[in-house]
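For reference, the structure is listed below as C-alpha cells.
The values are calculated or read from the model by the stated rules, or taken from the named source; none is laboratory data. This one's a predicted model, so the numbers in the text were calculated from it and none came from an experiment. In this analysis, Cβ positions are derived from the backbone assuming ideal geometry, glycine residues included, and neighbour counts consider all displayed protein chains.
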Ligand code: GDP
Ligand code: MG
C-alpha cells in the first residue's frame with residue numbers, strides 16, 4: 001500500500017492546483033471560483049521519485065458562510081485520519097483568515113503529522129502571509145507555488161520523514 005498524503009485547507013488556497021501538479025494529470029477541476037471542486041479526488045502522485053497516494057479535499061456545493069465550516073470539518077478530519085501526513089495549505093497572498101485559524105484548531109488534537117504549506121508564495125506578494133502563518137503554532141511553513149512549481153524540493157524534504 002502506498003503512503004497517503006491529504007491536502008487540506010479552506011477553499012481557494014490552491015489544493016487542487018497542487019494535487020494536479022503531484023498527480024501530473026488534470027484530474028481535479030481547477031477554477032478561479034472558490035470551492036469549485038465538488039468531489040474529493042484521489043490519485044497516485046510522484047514527487048522527485050517519492051511515490052504516494054494523494055487526496056484532494058473539497059466538496060462544497062455552496063459558499064454559505066454559516067454551513068461551510070461544519071461541512072469542511074467533517075471532510076477534513078476524515079481525510080486527515082486516513083492519511084499518513086496532511087499538507088495544510090494557506091494562501092500566502094491573502095494572508096491568514098479566520099477559517100484558517102479554525103482549521104488549525106481542528107488539527108490540534110490530531111495524531112496525523114501536519115505539514116504547514118504557504119502556497120502562492122512566488123514573488124514578494126506572499127512574504128507577509130508566510131510570517132502570519134508562523135503564528136498558527138504548526139511550525140515554519142513550507143513556501144510553495146503550486147501554480148509555478150516552486151518549492152517542490154522543500155515540500156519533498158518536509159514529506160520525506162513521514163512517508
Ligand atoms: P482550491 O479551492 O484550494 O482547490 O484552490 P484551486 O487549486 O482551485 O486554486 C484556486 C485559485 O488559486 C486558482 O485561480 C489557481 O490558479 C490559483 N493558484 C493556485 N496555486 C497558486 C499559486 O501557487 N500561485 C498563485 N498566484 N495562484 C495560485
Ligand atoms: Mg479544489
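Is it true that residue 139 is more than 10 Å from ligand 1 (Cβ to nearest atom), assigned to a loop (DSSP other than H, G, I, E, B) and either more than 16 Å from residue 97 (Cα to Cα) or touching a helix residue (DSSP H, G or I) at 6+ places or on another chain (Cβ under 9 Å) (or both)? Don't jump to the end; show me each part of the working.
Numbers: more than 10 Å from ligand 1 (Cβ to nearest atom): yes; assigned to a loop (DSSP other than H, G, I, E, B): yes; either more than 16 Å from residue 97 (Cα to Cα) or touching a helix residue (DSSP H, G or I) at 6+ places or on another chain (Cβ under 9 Å) (or both): yes.
Against the criterion (more than 10 Å from ligand 1 (Cβ to nearest atom), assigned to a loop (DSSP other than H, G, I, E, B) and either more than 16 Å from residue 97 (Cα to Cα) or touching a helix residue (DSSP H, G or I) at 6+ places or on another chain (Cβ under 9 Å) (or both)), residue 139 qualifies.
Residue by residue, here is whether (1) under 17 Å from residue 16 (Cβ atoms); (2) touching a strand residue (DSSP E or B) at 6+ places or on another chain (Cβ under 7 Å); (3) loosely packed, with under 15 Cβ neighbours inside 10 Å holds:
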| site | (1), (2), (3) |
| --- | --- |
| 76 | yes, yes, no |
| 79 | yes, yes, no |
| 85 | no, yes, no |
| 119 | yes, yes, no |
| 125 | no, no, yes |
Open item on the list: Going by what's in this entry, would residue 77 be described as assigned to a helix (DSSP H, G or I), touching a helix residue (DSSP H, G or I) at 6+ places or on another chain (Cβ under 9 Å) and over 14 Å from residue 12 (Cα atoms)?
Closed with: yes
Task: Candidates 99, 138, 116, filtered to the one that is free of Cβ contacts under 8 Å to residues at least 40 places away in the same chain and either closer than 18 Å to residue 5 by Cα or within 16 Å of ligand 2 (Cβ to nearest atom) (or both) - done: 116
Open item on the list: Considering only the range 120-131, I want to know if a residue exists there that is at pLDDT 95 or above and in a strand (DSSP E or B).
Closed with: no
Task: Per-region count, the range 17-42, residues within 12 Å of ligand 2 (Cβ to nearest atom), modelled with pLDDT under 90 and not in a loop (DSSP other than H, G, I, E, B) - done: 1
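Taking the range 48-65, which residues are over 16 Å from the mean Cα position of the chain (by Cα) and modelled with pLDDT of 75 or more?
Within the range 48-65, 48, 49, 50, 51 qualify.
Determine, yes or no, whether residue 147 is part of a helix (DSSP H, G or I), out of contact with any strand residue (DSSP E or B) (no Cβ under 8 Å at 6 or more places or on another chain), closer than 19 Å to residue 15 by Cα and in contact (Cβ under 8 Å) with a residue 12 or more places away in the chain.
On the way: part of a helix (DSSP H, G or I): no; out of contact with any strand residue (DSSP E or B) (no Cβ under 8 Å at 6 or more places or on another chain): yes; closer than 19 Å to residue 15 by Cα: yes; in contact (Cβ under 8 Å) with a residue 12 or more places away in the chain: yes.
No; evaluated as a whole, the condition is false for this residue.
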Open item on the list: Going through 45, 86 one at a time, which residue ends up being closer than 16 Å to residue 2 by Cα, in contact with a helix residue (DSSP H, G or I) (Cβ under 8 Å, 6 or more places away or on another chain), within 16 Å of ligand 2 (Cβ to nearest atom) and at pLDDT 95 or above?
Closed with: 86
